[in-house]
Amino acid sequence: MSAVNDTIFKPAVFLLTGIPGLEDAHVWISIPFCFMYVTSLLGNTVILFIIKTDPTLHEPMYIFLSMLAITDLGLSISTMPTILGIFWLKSRQISFDACFAQLFFIHSLSITESAMLLLMAYDRFVAICNPLRYASLLTPPRVAKMGLVSLLRGVGVAFPTPILLKQHRYSQANILSHSYCLHQDVMKMACSDIRVNIIYGLFVIISTVGLDSLFILLSYVMILKTVLRITSHAERLKALNTCVSHVCAVLLFYTALIGLSVIHRFGKNSPSFIQIVMGYVYMMVPPLMNPIVYSVKSKQIRARIIRMFIK
């Protein structure tokens, strides 16, 4: 009897999922995925290089943007090699500990990215609603502390998730619904009570992403109230134009994250293909699009990129 139990509850490996039904086309599908991965790495690296080498960009807004680029690089590096390994090498197995390490990095970086978007919203709020105090409120030491606190929050909140998951027993046929490990996906594979994981997962989402998105919304309500009081139409457009890049980044990140979380927790009857597509969108689109959006909308970064390539 004990031998049977050891076989049933042996936590050996998890099996990752590519795109079900399209296994024969994985090599072809990997081409756009690889292109998106390389583009996201190149784009975020260029953003970091430009901000570091151009002293005129050593301002709070661009420092927060560099923090966002680092977070996007971390998300890409922690997931895309696993995805491409499935497409190229059919390497679906991931060890117990490697899966928990991967989900820790994914969730901690996601929470950190949410905090970065909140800090960037605060930067826009101060710049538009209280411009005279901008330099005194967002000093370089304070900006560095805000970034460090955001990182520590992400690490601290995500740290218990692999510990909680290790308390469970898992069957040997652990087929995950994504090409990488997520807390809400792995905990469904447990053969024991997962109520603590569900409660803690909801607490993390509400206390981090939920509050961050609420504060971002409130900041833009205040920004709109301030902008609408500006008499000059040209000045109103100029103020709003400084927020366009950030609004795009917020929509890209929170739409995919909230959609994926809702599907996993409440969409039990939803088609698995939708979960898979939302998972890829969540992991690949924000790191790919953020540097493109900021390069297009930021005159300073766009001009610096043009000068760099002309040289």
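Brief remarks on what is shown
- For a 4.7 Å threshold on C-beta separation, the list of partnerless cysteines in the chain reads Cys34, Cys129, Cys191, Cys243, Cys248.
- The relative contact order of the chain, computed from alpha carbon pairs under 8 Å that lie at least 6 residues apart in sequence, is 27 percent.
- Shape category assigned to segment 128-220 from the gyration tensor of Cα positions, a/c cut at 1.5: prolate
- Our estimate of slack between Thr226 and Thr45, defined as 0.36 nm per intervening residue step minus the Cα-Cα distance, is 61.7 nm.
- Rg over Rh, two decimals, segment 2-310 (C-alpha only, Kirkwood Rh): 1.01
- Pairwise centroid distance, computed over Cα atoms, of segment 164-185 with segment 90-118, Å: 13 Å
A short reminder: the numbers here are calculations on the coordinates, not readings from a lab. Remember, predicted model here, so these are calculated numbers, not experimental data. We place every Cβ from the backbone using ideal geometry, glycine too, and count neighbours over all the protein chains shown.
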